[in-house]
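Accompanying notes for the structure given below.
What follows is calculated from the coordinates using simple rules that are stated; it is not laboratory data. Note that the structure is predicted; figures quoted are calculated from it, not measured. Every residue, glycine as well, gets a Cβ built from its backbone with ideal geometry; the counts of neighbours run over all protein chains shown.
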Amino acid sequence: MTNKDLIEKLNGEKKLYIHEWEQLLSAYTEADKDYAAKLAREISNKNFGNKIFFRGIIEFTNHCKNNCNYCGIRRGNKCASRYRLSKEDILLCCEEGYKYGYRTFVLQGGEDPFYDDELMLDIIKEIHENYPDCAITLSIGEKSKDSYEKFFEAGANRYLLRHETADKEHYNKLHTSELSWEHRIKCLEELKEIGYQTGCGLMVGSPYQTINHLAKDMVFIGEFEPEMIGIGPFIPHKDTPFKEFPAGSVDTTLFLLSLCRIMLPNALLPATTALGTVSGEGKQLGVMAGANVVMPNLSPLSVRKKYMLYDNKAINDDDAGENLNILKENMKKIGYEVVINKGDFKKVEYGQ
Ligand code: SAM
């Protein structure tokens with residue numbers, strides 16, 4: 001089969017075998033990438049029109065008890081200047097965001113025990129009470145099922161937890177032995193079971209990643225059927241063990257975004273900040289490849305530069321309103337409209 005045949009097969013059957021993924025990902029041409037992007041855009045346009053959802057990300061702590069080898073806020077990074085936002089700070093971010101039309105708040109942070117269940121519940125409940133028409137997405141790492149359940153009951157309804165890699169050995173090279181691949185996957189399964197719109201995902205070009213790993217990632221994503229998929233390039237951070245590794249490929253990231261869109265037509269697929277960091281036009285390219293979500297930063301200006309997961313992270317000094325205006329303009333230039341909408345996942349039966 002040619003690569004074009006494989007892309008068509010994916011479009012029809014919504015899955016490929018691992019050896020087919022390996023073929024497609026190891027030797028794709030510019031024409032294959034363009035073909036996948038065209039199909040992906042057609043699918044996005046059919047499902048979402050030319051509409052792009054936006055989510056406000058609030059990076060509320062850069063303290064982390066973990067020591068992931070790729071991440072700039074790993075606990076071993078003594079150069080990081082640490083901060084925590086109070087509940088009041090977080091609510092102010094929501095208030096400002098709401099004014100400008102943000103209807104999803106993404107609370108992201110390192111795994112910081114300071115925010116115990118009681119404090120998290122307090123924060124979630126207060127956001128939910130003040131903004132009942134908004135979605136609350138959590139991205140705070142691995143917790144017990146009991147905690148996930150409590151957060152869900154308090155009003156959080158989406159959870160982002162990248163699986164990082166579907167290969168256990170590769171996972172162990174990216175993380176220290178305190179973390180296990182099995183536990184990561186268990187958390188993802190529990191989140192789904194509870195009823196969260198669940199997001200998995202990976203870094204393209206993470207150190208030691210092979211084509212076989214990426215093929216396994218695509219099989220995993222197809223089987224797990226996440227509501228959201230976060231895919232962005234790996235970018236080195238100067239104060240981590242992976243500082244000498246090169247950044248991941250923009251082309252492969254875009255190709256994978258298109259293939260995810262073809263495989264899971266209704267998935268919520270962000271054009272990530274990391275993609276916008278390695279390529280100035282990254283967010284627009286992401287949308288042209290099939291993404292339908294953007295996540296502007298709602299964190300206070302005073303802490304934005306401290307949430308440095310990787311070098312040169314695309315950060316601007318614009319407030320929530322200005323940020324959004326720039327985004328709207330950029331999307332308009334490529335024929336898309338940023339809309340005020342909670343942007344929930346809508347289930348469809350694929351392959352019908
Ligand atoms: N602690 C939470 C967790 O583990 O899911 C959320 C925060 S964590 C920093 C969010 C994501 O940032 C990770 O899942 C990882 O994929 C991404 N990330 C971290 N370091 C990165 C790097 N150097 N390049 C690109 N992405 C990175």
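Side notes on the structure shown:
- Here segment 127-208 is treated with +1 on each Lys and Arg Cβ and -1 on each Asp and Glu Cβ, and its dipole about the Cα centre works out to around 200 debye.
- Electrostatic dipole magnitude of the chain [Cβ: Lys, Arg +1; Asp, Glu -1; Cα centre; debye, to 20]: 540 debye
- Against the chain, whose longest principal axis comes from its Cα atoms, helix 181-194 is set at around 80 degrees.
- Each Lys and Arg Cβ is given +1 and each Asp and Glu Cβ -1; about its Cα centre, segment 199-284 then shows a dipole of about 140 debye.
- Taken over segment 220-311, the alpha-carbon convex hull comes to 114 cubic angstrom per residue.
- Within-12-Å neighbourhood charge of Y83 [Cβ basis; K, R +1; D, E -1]: +2
- Quarter of Cα convex hull surface for the chain, i.e. mean projection, nm²: 15.8 nm²
- Remark: T198, T210 ranked as T210, T198, counting other beta-carbon atoms within 10 Å and listing the fewest first.
- Going by neighbour counts of Cβ atoms within 10 Å, the residues R82, R74, R261, R41 line up, fewest first, as R82, R41, R74, R261.
- Against the chain, whose longest principal axis is taken from its Cα atoms, helix 211-224 shows a tilt of about 70°.
- Taking chymotrypsin sites (Phe, Trp or Tyr not before Pro) in DSSP loop conformation with at most 12 other Cβ atoms inside 10 Å as exposed sites, the chain has its longest uninterrupted site-free stretch at 115-352.
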